[in-house]
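The values are calculated or read from the model by the stated rules, or taken from the named source; none is laboratory data. Values in this document were obtained by computation on a predicted structure and should not be read as measured data. FYI the Cβ positions are ideal-geometry reconstructions off the backbone, even for glycines, and counts take in every protein chain you see. Areas reflect the complete protein model, heavy atoms only, side chains present, ligands, DNA and RNA absent. Shrake-Rupley method; radii C 1.70, N 1.55, O 1.52, S 1.80 Å.
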Amino acid sequence: MSAPKKQHPVFVSVRDAQVHFRAGGALAALRGRARIIKAVDGVSFDIRKGESVGLLGESGCGKTTTGRMLLKLEEATGGSVTFDGADLGELRGEALKNFRTRAQLIFQNPFDAVNPRFTIRATLAEPLENARVPAAEREDRILAALELVRLPNPAEFLDRYPHQLSGGQLQRVVMARALILQPDFVVADEPVSMLDVSVRAGVLNVFRDVRDRLNLTAIYISHDLALVRYVCERTIVMYLGRIMEDGPTEDIVHEPLHPYTKALVAAVPVPHPDQDHAPLPIGRGAPDPLNPPSGCVFRDRCPQAHERCAAEIPAPRPVGSRLVACHLYEETAMAPAKEMA
Ligand SMILES: Nc1ncnc2c1ncn2[C@@H]1O[C@H](COP(=O)(O)OP(=O)(O)OP(=O)(O)O)[C@@H](O)[C@H]1O
Ligand SMILES: [Mg+2]
């Protein structure tokens with residue numbers, strides 16, 4: 001956690017949370033052949049009010065599932081998620097409705113996030129109608145939300161359809177829709193990955209600016225460290241449903257500790273949102289989530305794996321400014337910690 005936010009109260013608290021899916025559907029379950037995908041497998045972290053946390057990791061490591069779990073779009077199958085003091089598992093009725101207003105998702109692909117038959121006005125009016133905002137107030141709220149995301153001449157867009165906007169413009173509309181009910185928590189799931197590289201920085205700048213102006217607490221999901229670094233003061237690195245490392249983004253970029261984080265950092269030659277990154281220097285694609293290795297899930301790709309890694313799941317431990325889940329840092333935890341102090 002970075003220094004300025006340290007004193008802020010904990011806003012979202014995740015304790016040993018799991019989201020396990022049954023693979024193969026109902027038929028496989030009937031035949032007793034269902035297998036379990038541990039998309040999120042025992043993660044714990046706190047997010048403080050106003051903090052921006054990046055969720056980083058390769059495809060399939062559980063980033064989206066974690067984000068959906070935080071928004072109660074996916075139920076935790078184990079452990080707990082607490083939002084502003086309320087256990088998400090217990091939320092019902094008005095309290096759940098209130099949570100649905102306060103916590104919003106910004107989708108990865110803006111074209112998937114909107115109904116192609118709705119005008120921009122109708123797209124933005126929908127959440128206002130659901131929240132029973134009086135009709136007379138809606139147009140002003142819509143224009144204010146579009147101004148917030150710096151869409152120039154917003155009135156000109158109201159009667160257009162999604163296909164009449166550029167990807168960057170539409171992503172701003174999607175952001176405006178997520179923000180129109182003035183949430184205090186936002187999960188942005190790869191919000192620029194479908195956009196042309198040339199417009200990414202613009203959209204990210206809007207996201208950062210809005211977040212700061214509204215004092216949003218935010219989760220920013222990406223497989224790209226350069227983008228996470230651009231947006232988040234703190235980064236959580238995930239691999240096969242588990243947290244490998246959690247700490248200040250700049251510390252992670254300058255001195256990654258977990259062997260997996262080291263590989264991710266080595267794949268970003270010059271971290272900048274306009275640049276693509278090199279392939280990971282650890283060979284082989286991510287392993288089969290249905291057959292994760294015993295012990296440390298990263299061990300079969302880890303250049304520093306040893307005997308203990310197959311036998312025992314490493315618990316996250318404090319190492320200097322961070323938490324690291326790696327046996328290398330258990331015996332020698334104090335040495336790297338001292339170096340960093
Ligand atoms: N509804 C579901 N049913 C079964 N398995 C699922 C479901 N949703 C996700 N999974 C599996 O859970 C694992 C994690 O998926 P998730 O979408 O969270 O990963 P991700 O890190 O967001 O990946 P990407 O970078 O590709 O978006 C994957 O193996 C995925 O196939
Ligand atoms: Mg995803």
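Just for the chain, what percent of DSSP beta bridges are antiparallel, to the closest 5?
That works out to approximately 60 percent antiparallel.
Relative contact order of the range 3-340, please, whole-number percent, based on alpha carbon pairs below 8 angstrom and at least 6 residues apart.
For the range 3-340, the relative contact order is 19 percent.
Name the trypsin sites (Lys or Arg not before Pro) in the range 132-164 that are in a loop by DSSP and that have at most 10 other C-beta atoms within 10 Å, would you?
Loop-located and lightly packed - ARG132.
Between the range 70-124 and the range 173-205, what is the C-alpha centre distance in whole Å?
15 Å
Would you work out the relative contact order for the range 90-173, in percent, from Cα pairs under 8 angstrom that are 6 or more residues apart?
39 percent
How much length is gained if the chain between LEU30 and ASP196 is pulled fully straight, taking 0.36 nm per residue apart and subtracting their Cα-Cα distance, in nm to one decimal?
Computed gain between LEU30 and ASP196 is 55.3 nm.
Mind putting a number on the dipole of the range 99-245 about its Cα centre? Charges go on the C-beta only, +1 for Lys and Arg and -1 for Asp and Glu, and I need it in Debye to the nearest 20.
The dipole magnitude comes to about 160 debye.
For the range 107-219, what does the relative contact order come out to in percent, with C-alpha contacts under 8 Å and a separation of six or more?
Answer for the range 107-219 is 35 percent.
So for the chain, taking the charge dipole from beta-carbon charges (+1 Lys/Arg, -1 Asp/Glu), which of LEU179, VAL133, PHE21 sits furthest toward the positive end?
Going by the Cα projections, it comes out as PHE21.
Tilt of helix 167-179 relative to the longest C-alpha principal axis of the chain, in degrees (0 to 90, nearest 10)?
Around 90 degrees separate the two axes.
Mind pulling the angle between the C-alpha long axis of helix 93-102 and the longest principal axis of the chain? Nearest 10 degrees, somewhere in 0 to 90.
90 degrees
Report, in degrees rounded to the nearest 10, the 0 to 90 angle that the Cα long axis of helix 120-130 makes with the longest principal axis of the chain.
Rounded to the nearest ten degrees, it is 80.
With every protein chain left in place, what is the accessible area per residue of the chain in square angstrom, probe 1.4 Å?
46 Å²
Placing unit charges on C-beta atoms (Lys and Arg positive, Asp and Glu negative, everything else neutral), compute the dipole magnitude of the range 3-340 about its Cα centre in debye, rounded to 20.
Using only the charged Cβ atoms, the result is roughly 600 debye.
If you filter the range 36-138 for GluC sites (Glu not before Pro), then keep DSSP loop positions with at most 15 other Cβ within 10 Å, what is left?
Qualifying residues, ordered by number: GLU75.
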